[in-house]
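Quick notes on the structure that follows.
Quick note: the coordinates plus some simple rules give every number you see, no bench work behind them. Here the structure is a predicted model, which is why all the values come from computation and not from measurement. A quick note on method: Cβ atoms are made from the backbone with ideal geometry, for glycine too, and the neighbour counts reach across all protein chains shown.
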Ligand code: NAD
């Protein structure tokens, strides 16, 4: 069996035509967040690397007839890939944890969820079809639509869910019969290469799924390439805007999964223990580096003290440590630079009147050398105009806000340029659906937070994104509709 661990210290991290190779641009180092020591070295992919990956994918599409292979055949390969991933969960999870710093138990869950996603799209692949529109006139003319692949799609990913993000993009793209070129984040470049190898092992023709490593310039080359039919991007709002502008040069459709500053609302009738668990789910997975996190926790004034008295001891007792240790609950932030940014946000919140109920300090757990760790923080005394309450912090920091009534909290929850997610806790079923209908967010939870099985469409309102990933709707984003009119009589021409 291939061992993922052989990726460590190696250089050939592009995967083109089924072969690992080095890019031809400048070299870059990839660090292990746990200790901030070098994990691997790669090269940025330059214009000729990107062109080679695009040509390889386009060529493979033609020579292997991938786009016209039956949905059932594509499903078999996707299912094989999911099975291979399941057999190698431990190994992939170890690679992922070493690459992005989240605790091993979380990486295992991400890898399992990635297999679920591939299996889900395998299940849909044979059912991708158009429709028949009959009896368009008295003569029996009719029409039908064909749902066809786009051709070569490209994905650009962030560092917080490296394996899962790649799967969310590649699985629906392949199910629809597209080829794919993926560029992972240079901060977590490894598991995408392993995924591409697994797909070849599963029977995917070499070249149909290629990986190019690199920074923003490599991403720009992909987004602007005439041979790329679509870009699916996950990352920050500013980069998403740039990608959208670049893609517009060749009128490529884009899917953008961007950042957020999501609200979680706890009403006075909520089950408090569940609401506290929800607030922790909404804030401390992946060291708080989750796009959909509900970092603005609005709690009804009547129950705020009770909520806080349950929340604080649970957050304060979270075990922060080396992510490879079995008992670690919160691991390392992606980089010391990012941790410094998070700590600065905490300082700014304090300067603007907030105070820490727990955490918020840089830690040095055993055996972590120069890794960046922050104790999970709760900031109280917040108001809506504080910088840290308005902007995406992307760290283990929960901001507490209180409210008086429903109308007020809906208005405040929506008062943001973002609209990725929202969650509410209440026992009142009528209120639950009324409030959810008023929230400007693409992914909402009632009495839970950050649960995301592949059946559910995921994506943002407002500046949090364009399009959806997962769910059957993802297939629309990786295919195009051809309408065919069939004349059964004579042409009635006015000329
Ligand atoms: P980022 O925007 O800095 O980078 C994302 C990717 O874009 C990287 O691969 C990067 O190399 C590439 N890139 C940079 N400049 C580019 C350019 N000009 N053209 C093309 N590609 C370019 O984001 P990040 O720091 O890696 O990730 C964190 C951000 O991602 C957060 O804002 C988070 O909310 C967001 N995110 C969103 C989702 C979602 O599903 N909505 C999921 C995970 C992360």
On average, how much area does the Cα convex hull of region 26-96 cover when viewed from any direction, in nm²?
-> 7.0 nm²
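Below 8 Å, C-alpha to C-alpha, sequence gap of six or more: please give me the relative contact order for region 1-126 in percent.
Relative CO of region 1-126 lands at 24 percent.
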Residue separation times 0.36 nm, minus the C-alpha to C-alpha distance between residue 407 and residue 428: what's the value?
-> 6.0 nm
Any chance you could check the Cα centroid distance between region 217-248 and region 178-207 for me, in angstrom?
-> 19 Å
At 0.890 mPa s and 25 °C, Stokes diffusion of region 359-413 via Kirkwood alpha-carbon radius, µm² per second | 183 µm²/s
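Quick one: Cα convex hull volume of region 308-416, Å³ per residue?
113 Å³
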How far is helix 272-281 tilted off the main Cα axis of the chain, in degrees rounded to 10, range 0 to 90?
-> 60 degrees
Note on region 345-495: contact order normalised by length, alpha-carbon pairs under 8 Å, 6 or more apart, percent, works out to 14 percent
Enter the angle in degrees (range 0 to 90, nearest 10) between the Cα long axis of helix 190-201 and the first principal axis of the Cα atoms of the chain, meaning the one along which they spread out most.
-> 40 degrees
Can you give the percent of C-alpha pairs in the chain whose distance is more than 45 Å?
-> 15 percent
How high is the FRET efficiency from residue 383 to residue 51, r the C-beta distance, R0 51 Å, rounded to 0.05?
-> 0.50
Equivalent-ellipsoid semi-axes (√(5λ), Cα gyration tensor) for region 200-311, whole Å, largest first?
-> 42, 18, 11
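Would you compute, from DSSP H runs of 4+ residues alone, the mean residue ellipticity of the chain at 222 nm, taking -39500 (n - 2.57) per run and dividing by the full residue count, rounded to the nearest 500?
That comes out to -11500 deg cm²/dmol.
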On Cα atoms only, tilt of 237-248 relative to the major axis of the chain in degrees | 10 degrees
Stick to Cα atoms and the Kirkwood definition of Rh, then tell me Rg/Rh for region 438-492.
-> 1.29
Could you order peptides 84-92, 97-105 by the average number of other Cβ atoms within 10 Å of their residues, highest first?
-> 97-105, 84-92
